[in-house]
Amino acid sequence: MKKLPLFLTALSILASAVPLTGCSKTVKPGDVKGYDEGEQYISMWVHTIEDTPEGEAYKASVERFNEKYDGTYFADIEFIPRNDSGGGYSDKINASVMSGDLPDVITVDGPNISAYAANGIIQPLAELSEEEKSAYLDSILDQGTVDDKLYALGAMESSVGLYYNKAILEKAGIEVPDKDHPWTFSKFLDILEQLKPIMDSKNGYPLDMTFPVGESSIYYYAPFIWSNGGDLISEDGLTADGYFNSDKNAEAFQYFRGLVENKYMSATPIENLFESGRAAFKFDGAWEVNTIYQSYSDIDLGVAPYIVSDNWDGGRYTPTGSWAYAATTKTEHIEAATELVKWMSGVDSGVLLYEKTKSMPSTYAAYDQITTFEEDENYKALYEQLRDYGHPRPKTPVYPQVSTSFQQVLEDVGLSGKNVTNEMDKSVERINAKLKRYTR
């Protein structure tokens, strides 16, 4: 899995309050194979096609659910793939909000849980016991909680690694710290400067780093903000001024500019720079490990702790977030919907999803069952980073605008050298325009 999954951004259609009743079709026992008298029918939509490793995992998990709860519940899964621009599935959700025929359970991309909750698409799950909640990573519970209510549970988790070429660092005499003592911003600059002559001789750069358009930017690089004590929006998700445009954030954005100005990274993307041995470091998703193992086995790969600000207080800061399950406001059977959500996000489903797709699980016990996360040092490092320092992306009903604004400031300041204060203030104006609906 090389590409970062596309994230939902089309929420503008939800700008008007819409009743979610009236048009759902009625499914009777016998209409669907396996659905029998006396069972509670639970409809569910997922964001992929059936004929993919991910789709196969979802289908198998539903089949196992129906076997376990035979006579009590029956889950009926429908596959609605996204298109290349992220539509398709999200378009179907939007249209169904208008028509009132949402299913009982849907998959929601993690960063959009707050927006879906604020727009009345999903409702809080039935109450979970403390024991049930303790099965999940802290980042999963944090991502799925809005206003102290649990709305969603992750089907999987994710992380971003700071990958390094062991041979290059060994040649330079650079030792990698442990996860609890990561390199600071200033120390990392010293290391990049030390590596620059070596990488110049290879026609490369110390750091393989890009500022990609889309969700990747905030997913990869928001940790620079968080570890510096900044935030992109207030805790309640309704105030951008004083947060997005804070002095702390200005420092973080200027750090990216320094990476470009000092030629520690290329201002334009270079394909396979790290994979070809012409970069010492690379920020990339967890899938990069499998990519290196499968296609670039000559690279001796390592995972370093994600770097932190010199002002880091030891708190959570590393990237997280992926698809989750939630119960819609359409369902009148929240207990049944919650049982399905727990099953689809649970240990067995997480192990199956890892086996099919190599996606990181959402529960502690799933990691305990997968020997790779103990035996392979790189996967182990990614899991421990996620477990101990994972931080979900901003929770706000206008998340798409915050994400877009982050990417735009990163590009305008980092690549073009525009005034950071002006660019941050422009973003606050754009975010505030979207927030009016929720704050007036």
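The values are calculated or read from the model by the stated rules, or taken from the named source; none is laboratory data. Note that the coordinates shown come from a computational prediction; the quantities given were computed from them, not determined experimentally. Here the Cβ positions follow ideal geometry from the backbone for every residue, glycine too, while neighbour counts run over all protein chains shown.
So, in region 338-365, how many residues would count as being farther than 26 Å from Asp104 by Cα, modelled with pLDDT of 95 or more and not acidic (Asp, Glu)?
2
Identify the residue in region 106-137 that is of a type in the set (Ser, Thr, Tyr) and part of a strand (DSSP E or B) and, among all such residues, is nearest to Arg387 (Cα to Cα).
Only one residue fits best here, namely Tyr136.
Give the residue, chosen from Asp104, Asp91, Asp70, that is crowded, with 22+ Cβ neighbours inside 10 Å and in the same structural domain as Gln40 (by TED's automatic domain parsing).
Result of the check over Asp104, Asp91, Asp70: Asp104.
Given Lys179, Lys187, which one is modelled with pLDDT of 95 or more, out of contact with any Leu (no Cβ under 7 Å at 6 or more places or on another chain), loosely packed, with under 15 Cβ neighbours inside 10 Å and among the charged types (D, E, K, R)?
When all the criteria are applied, what remains is Lys187.
Looking at Ser99, Ser90, which is the one that is over 21 Å from the mean Cα position of the chain (by Cα) and not charged (D, E, K, R)?
Ser99
Any residue at all in region 30-50 that is surrounded by fewer than 19 Cβ atoms within 10 Å (Cβ to Cβ), assigned to a loop (DSSP other than H, G, I, E, B) and within 23 Å of the chain's Cα centre (by Cα)?
Yes, there is a match, as at least one residue in region 30-50 is surrounded by fewer than 19 Cβ atoms within 10 Å (Cβ to Cβ), assigned to a loop (DSSP other than H, G, I, E, B) and within 23 Å of the chain's Cα centre (by Cα).
For region 390-426, enumerate the residues that are of a type in the set (Gly, Ala, Ser) and crowded, with 22+ Cβ neighbours inside 10 Å.
Within region 390-426, Gly390, Ser403, Ser405, Gly414 qualify.
Residues in region 367-377: is at least one surrounded by 23 or more Cβ atoms within 10 Å (Cβ to Cβ) and of a type in the set (A, V, I, L, M)?
Looking for residues that are surrounded by 23 or more Cβ atoms within 10 Å (Cβ to Cβ) and of a type in the set (A, V, I, L, M), one finds none in region 367-377, hence no.
Of the residues Ala115, Ala57, Ala75, which is in contact with a strand residue (DSSP E or B) (Cβ under 8 Å, 6 or more places away or on another chain) and either of a type in the set (A, V, I, L, M, F, W, C) or closer than 21 Å to Val402 by Cβ (or both)?
Ala75
With (1) in contact (Cβ under 8 Å) with a residue 60 or more places away in the chain; (2) assigned to a helix (DSSP H, G or I) as the list, and Gly321 as the residue in question, which single condition is left unmet?
Tallying (1) in contact (Cβ under 8 Å) with a residue 60 or more places away in the chain; (2) assigned to a helix (DSSP H, G or I), Gly321 fails exactly one: (2).
Please enumerate the residues belonging to region 43-100 that are in contact (Cβ under 8 Å) with a residue 40 or more places away in the chain, among the acidic types (Asp, Glu) and touching a Phe, Trp or Tyr at 6+ places or on another chain (Cβ under 7 Å).
If the condition is that a residue be in contact (Cβ under 8 Å) with a residue 40 or more places away in the chain, among the acidic types (Asp, Glu) and touching a Phe, Trp or Tyr at 6+ places or on another chain (Cβ under 7 Å), then Asp76 is the only one that fits.
I'd like the full set of residues that are charged (D, E, K, R) and either surrounded by fewer than 19 Cβ atoms within 10 Å (Cβ to Cβ) or under 28 Å from Val176 (Cα atoms) (or both), limited to region 304-362.
Result: Asp310, Asp313, Arg316, Glu332, Glu335, Asp348, Glu355, Lys356, Lys358.
Kindly list the number of the only condition in (1) among the aliphatic types (A, V, I, L, M); (2) modelled with pLDDT under 95; (3) surrounded by fewer than 24 Cβ atoms within 10 Å (Cβ to Cβ) that fails for Leu150.
Of the numbered conditions (1) among the aliphatic types (A, V, I, L, M); (2) modelled with pLDDT under 95; (3) surrounded by fewer than 24 Cβ atoms within 10 Å (Cβ to Cβ), the odd one out for Leu150 is (2).
If you go through region 389-421 one residue at a time, how many are closer than 18 Å to Ala267 by Cβ, part of a helix (DSSP H, G or I) and in contact (Cβ under 8 Å) with a residue 12 or more places away in the chain?
Total satisfying the criteria: 9.
Looking at (1) without any contact (Cβ under 8 Å) to a residue 40 or more places away in the chain; (2) in contact with a helix residue (DSSP H, G or I) (Cβ under 6 Å, 6 or more places away or on another chain), can you tell me which one Lys149 breaks?
Evaluating Lys149 over (1) without any contact (Cβ under 8 Å) to a residue 40 or more places away in the chain; (2) in contact with a helix residue (DSSP H, G or I) (Cβ under 6 Å, 6 or more places away or on another chain) leaves (2) as the failure.
Being within 19 Å of Glu288 (Cβ to Cβ), of a type in the set (S, T, N, Q) and in a helix (DSSP H, G or I), is that true of even one residue in region 194-216?
Yes - at least one qualifying residue is present in region 194-216.
Just give me the residues in region 307-333 being of a type in the set (Ser, Thr, Tyr) and closer than 25 Å to Asp388 by Cα, in sequence order.
Selection gives Ser309, Tyr317, Thr318, Thr320, Ser322, Tyr325.
Here is a check on your reading of the model: is Thr26 within 29 Å of Thr72 (Cβ to Cβ), at pLDDT below 50 and either surrounded by fewer than 19 Cβ atoms within 10 Å (Cβ to Cβ) or touching a strand residue (DSSP E or B) at 6+ places or on another chain (Cβ under 7 Å) (or both)?
no
Quick test for you: out of Tyr243, Tyr220, pick the one residue that is surrounded by fewer than 22 Cβ atoms within 10 Å (Cβ to Cβ), under 21 Å from the mean Cα position of the chain (by Cα) and of a type in the set (Phe, Trp, Tyr).
Tyr220
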